[in-house]
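Inspection log for the structure reproduced underneath, given as structure tokens.
The values are calculated or read from the model by the stated rules, or taken from the named source; none is laboratory data. All values derive from a computational prediction rather than experimental measurement. Here Cβ is always computed from backbone atoms with ideal geometry, including for glycine, and neighbour counts include all displayed protein chains. Side chains included, ligands, DNA and RNA excluded: accessible areas come from the protein's heavy atoms. Shrake-Rupley method; radii C 1.70, N 1.55, O 1.52, S 1.80 Å.
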Amino acid sequence: MDAYDLITRNASEVVTEDEVRALADDPEGKRAYVGYEPSGVLHIGHMLTANKLIDLQAAGFEVVVLLADVHAYLNGKGTFEEIRETAERMKAQFIAYGLDESQTEFVLGSEYQLDESYVLDLHALELETTLSRAERAMAEIKSGDGVTVAQAVYPIMQALDIVYLDVDLAIGGMEQRKVHMLARDTLPSIGEESPTCMHTPLIADLGTGIGKMSSSEGVTISMEDSTEDIEDKVNGAFCPPTADPDPTDEGEERENPVLQIFEYHVFPRFERVVVERPDQYGGNLDYDDYESLEADLESGELHPADAKGALADYLDELIEPGRAKIAE
Ligand code: IYR
């Protein structure tokens, strides 16, 4: 796989392709980052962007993980003390998950976001951003119902992080795209470059295939899950024999979350997938790319129950090191 394909594999959106091609041509010394509001336990959403960071490390990038304590505070996630404690735990879980500690810079937002120059640049950017734009940027990120001033400051700070962390590439899930677009549009007004961005897909709810999997509602997979939890959740997953399920009767779009997890989590980390089956049911199936597994599910060669069994085993293996870390 060439550098550009590795850097962009499984991305939903690249802004812009030309900019990422230029980075891929000369990745030496280039920096990419993802920011996370610290939360107690890593879940499948964090792991998706972490996989992208692992790809970027393999392509030669320096990788920065921002543990966004001030952002979490602004988003009502607790006291500073609680959030910082959580950030420490989260860092240990990222390393257990597979981020190479020697190649990863972990930064706590409050290490620089309270500095005078940052605050003054923040105010300069506030002057360039309308409230309605800031509010729109937060639509898929904010917690709680009301709109607070804190939530308007949040995306502007996120834009400024790209400057202060001196990164060439900002990564996030698709729910971050409007913040990144705001950053592209407003940073030039304070004399900074428009940042290059890349967004990872959102995985649908495991039980229904509708919407996005989230830790606050529905069924998610996290490092707190036991082997049995994972088996139960995956067994109960929505998995019709197609990658493109029909919408619900109410017209809601649906995905196949079992296939999504194979595509975005399992194949990037394992490269080869074996679905174990007794000989009487045709024996083991062996895949070295996602597309052939998808094709077999669609043709009926691979039964959803066997796909789920294999998925539970691979997910368990991915989660095991982090689970052990939590248990320490
Ligand atoms: N908005 C992210 C957290 C976050 C991301 C980045 I990239 C930052 O520079 C700051 C915060 C979230 O929703 O978790």
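Couple of notes before you dig in:
- Size check on segment 210-263: the Cα extents along the three principal axes, sorted descending, read 34, 24, 18 Å.
- For segment 227-327: rounded, prolate or oblate by the Cα gyration tensor [a/c cutoff 1.5]: oblate
- Computed from the Cβ-Cβ distance with R0 of 56 Å, the FRET efficiency linking Thr242 to Glu116 stands at 0.50.
- Residue-normalised accessible area of segment 37-189, expressed per residue, 1.4 Å probe, Å²: 41 Å²
- Modelled FRET efficiency - R0 56 Å, His123 with Gln280, Cβ distances, 0.05 increments: 0.20
- 5 angstrom amide H check on Glu37, placed H, neighbours 5+ away: Ala68
- With a cut-off of 13 Å between beta carbons, the residues surrounding Ala87 carry a summed charge of -3, where Lys and Arg count +1 and Asp and Glu -1.
- Taking only protein heavy atoms and a 1.4 Å probe, the accessible area of segment 216-308 is 39% carbon and sulfur.
- Comparing Ile210, Ile83, Ile190 in a Gaussian network model of the chain (Cα springs below 10 Å), the most mobile by mean-square fluctuation is Ile190.
- Per residue, segment 276-328 exposes 56 Å² of accessible surface when a 1.4 Å probe is rolled over the protein heavy atoms with every protein chain present.
- Residue order by solvent-accessible surface for Lys52, Lys325 is Lys325, Lys52, largest first, with ligands and nucleic acids left out and a 1.4 Å probe.
- At least 27 Å along the helix axis (C-alpha) and Kyte average at least -1.0, DSSP helices within the chain: 304-327
- Farthest positive-ward along the chain dipole, Cα basis, beta-carbon charges - from Asn10, Phe61, Ser143: Ser143
- Diffusion constant of segment 3-200 at 37 °C, which comes from Stokes-Einstein with the Kirkwood Cα-pair radius and 0.692 mPa s, µm²/s: 194 µm²/s
- A Förster distance of 51 Å, applied to the separation of the beta-carbon atoms of Asp145 and Asp5, puts the FRET efficiency at 0.75.
- Peptides 217-230, 260-273, ordered by how many other C-beta atoms sit within 10 Å of their residues on average, highest first, read 260-273, 217-230.
- Segment 111-178 and segment 263-302: distance between their alpha carbon centers, rounded to Å: 42 Å
- Candidate lysines for bridging to Lys91, where Cα separation is under 25 Å - those fewer than 8 sequence places away on the same chain excluded: Lys30, Lys52, Lys77, Lys142, Lys212, Lys325
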